[in-house]
């Protein structure tokens with residue numbers, strides 16, 4: 001809240017530890033909210049897909 005008062009253009013990123021916490025923070029509309037477990041799952045999925053793509057590229061040549 002103070003950071004927004006000092007600099008209205010500042011981008012606030014928040015890591016929520018639970019879905020419930022993320023919902024509450026999003027309602028306050030103070031910044032971009034990330035739910036830790038969801039972000040971890042997205043990154044793991046992205047990594048797996050990249051590995052599959054790399055394996056496919058190496059067998060295609």
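The values are calculated or read from the model by the stated rules, or taken from the named source; none is laboratory data. Here the structure is a predicted model, which is why all the values come from computation and not from measurement. For neighbour counting, all protein chains shown are included, and Cβ atoms are generated from backbone atoms with ideal geometry for every residue, glycine included.
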Name the single residue that is modelled with the lowest pLDDT among those in segment 12-61 being loosely packed, with under 10 Cβ neighbours inside 10 Å and outside any helix (DSSP H, G or I). 61
Check segment 20-29 and report whether any residue there is at positive phi and without any contact (Cβ under 8 Å) to a residue 24 or more places away in the chain. yes
Just wondering, is there one or more residues in segment 2-11 that are touching a residue at least 24 places away in the same chain (Cβ under 8 Å), more than 13 Å from the chain's Cα centre (by Cα) and part of a helix (DSSP H, G or I)? yes
Looking only at segment 1-11, which residues are modelled with pLDDT under 90 and surrounded by 10 or more Cβ atoms within 10 Å (Cβ to Cβ)? 3, 4
